[in-house]
1. Sort out which residues of the stretch 228-251 are out of contact with any Leu (no Cβ under 7 Å at 6 or more places or on another chain), under 20 Å from G162 (Cα atoms) and open to solvent by 10 Å² or more (accessible area, probe 1.4 Å), and write them in order of number.
2. Just one of (1) open to solvent by less than 30 Å² (accessible area, probe 1.4 Å); (2) in contact with a Gly (Cβ under 7 Å, 6 or more places away or on another chain) trips up V267, so point out which.
3. On the given criteria, is L72 assigned to a loop (DSSP other than H, G, I, E, B), within 26 Å of S233 (Cα to Cα) and out of contact with any helix residue (DSSP H, G or I) (no Cβ under 6 Å at 6 or more places or on another chain)?
4. Given the conditions (1) closer than 15 Å to M104 by Cβ; (2) open to solvent by 50 Å² or more (accessible area, probe 1.4 Å); (3) within 32 Å of the chain's Cα centre (by Cα), which single one is not true for Y57?
5. Could you please find all residues in the stretch 212-222 being open to solvent by 40 Å² or more (accessible area, probe 1.4 Å), over 21 Å from T368 (Cα atoms) and modelled with pLDDT of 85 or more?
6. Tell me, which helices (runs of 4 or more DSSP H) wholly within the stretch 341-435 include 2 or more residues that are open to solvent by 20 Å² or more (accessible area, probe 1.4 Å) and more than 26 Å from M248 (Cβ to Cβ)?
7. Starting from the stretch 164-181, keep only residues that are farther than 15 Å from L352 by Cβ, then list their pairs with residues that are acidic (D, E) and assigned to a helix (DSSP H, G or I) whose Cβ atoms are within a distance under 9 Å, requiring at least 6 positions of separation or different chains.
8. Considering only the stretch 10-48, how many residues are in a strand (DSSP E or B) and of a type in the set (S, T, Y)?
Amino acid sequence: DATAQEPEEKLFSCGFEVEELIPLDAGISKVVVGKIVEMEPQEGTHLTKCVVDCGEYGHDIRISTGAANMKLGDCVPAALDGSTLPGGIKIKARKMQGVESNGMLCSGEELGLNAAQIPGSEDNGQLIQPQHSDIAPVGGPDDYIFDISITANRPDCQSVLGIAREVAAILGKPLHMPAMDYKAVCEPDAPITVQVEAPDLCPRYMAHYVRNIRMGESPRWMKRHLALCGLRSISNVVDITNHTLLEMGQPMHAFDLNKVAGRTIDVRRAHEGEKIVTLDEKEFTLNPNNLVICDAEKPVALAGIMGGANSGMDESTTCDCVRKTSRSLGQNSDSSARYEQGVDRNSPELGLARALHLIQELDCGDITTLEYDLTDGRPLERKHIVTTPAKICGVLGITVPEQTMIDILQRLEFTVDVQADGSWDVSAPLYREDVESFPDLAE
């Protein structure tokens, strides 16, 4: 285990500036999630007397509250006798309207929380929490948000996975990849056409058909992950695409096939004067410099930027070019920010597998056997750099032991093949498209 401050310091030493380390406990202590096991009106007052099961802190803690949004069986944050709230506020057992109350049931506001930390914190009344098998503290002393500035040459670090790789290498710990397994459970009900007419602008495009979409709310953990990164939960399928963008660094869009004319997806240059209305209800007039994703009749998405309002999922549902387009149309997004700095050609495969795993895990639909992987024909292979330890040390200006250099490179998923003449044949991982020569290895 490591404190949050340790990777913060070591990331800085490796060229990543941690602009802010934001603690999520906000100075909270001895606030736990308790389950309301009894409740009754407190006669002659607006208060409700509750008996709260707080596990190891006590199974029958009596607390009076003025909130009216909770019900029997709800789990709510309980600031117990002797607890601390943001701003140094101390909570003590006291009488409320003549009845002993051994703490306070808390709203998100009283805990100094907002929707960007825990969804529902902005609502009036008590902050209703998910059920817990064990009663757990709210937040935690080691729960932080890292706000990290990423340099333009490291697009692979614009994701949780990318930063996790770096932290694993820095700390000498193993990297635990997110689950990406899934199983196709049915055949497609009808053919779908997917084609790329502009491989020079879109070197790889992947798609997978999922039937019988079951729209609904996302689980609380996913809503929380999105909220902590400043994104609002929309629905389970849309949230999965956004979560995959944040986690894996791969932008994607979920198309409602019922709204895709001709069951056709075509990635091409826009025609002069062609129009599209995006999901944020803005209309744009396009030209051949813009890459669009179209159905058989019209554009349904600005490639790499935003989906169209005519193709998105709703409750009834069962690179360089990107930079130029986003600037000329004044339309930026989380997706365009990633594509402008670069998304490697291996990422679509990882991102799609992760999204399909989540679709199956959350039972959002039935995964079919129909998948497309369209490329520009270039092989997907690792880059090789032949160099010597002396050349690398010459760039650094210091002598680093050869085995130390090999260990560092291997922790970052490079391979080092030491030749008979003492030179090194180093292969870079697929996600490191920025690595071209030995000065990059020195860095």
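The values are calculated or read from the model by the stated rules, or taken from the named source; none is laboratory data. Since this is a predicted model, take the numbers as computed values, not measurements. Neighbour counts are summed over all protein chains in view; Cβ atoms, including those assigned to glycine, are modelled from backbone coordinates with ideal geometry. Just so you know, the surface numbers come from the protein's heavy atoms only, side chains and all, with ligands and any DNA or RNA stripped out. Shrake-Rupley method; radii C 1.70, N 1.55, O 1.52, S 1.80 Å.
1. L228, G230, L231, T241, L246
2. (2)
3. So L72 fails the test.
4. Y57 satisfies all of (1) closer than 15 Å to M104 by Cβ; (2) open to solvent by 50 Å² or more (accessible area, probe 1.4 Å); (3) within 32 Å of the chain's Cα centre (by Cα) except (3).
5. E217
6. The helices (runs of 4 or more DSSP H) meeting that bar are 389-396, 402-411.
7. Taking only residues 6 or more apart or on different chains, the pairs are R165/D156; I170/E6; L171/E6; G172/D407.
8. Final tally of qualifying residues: 2.
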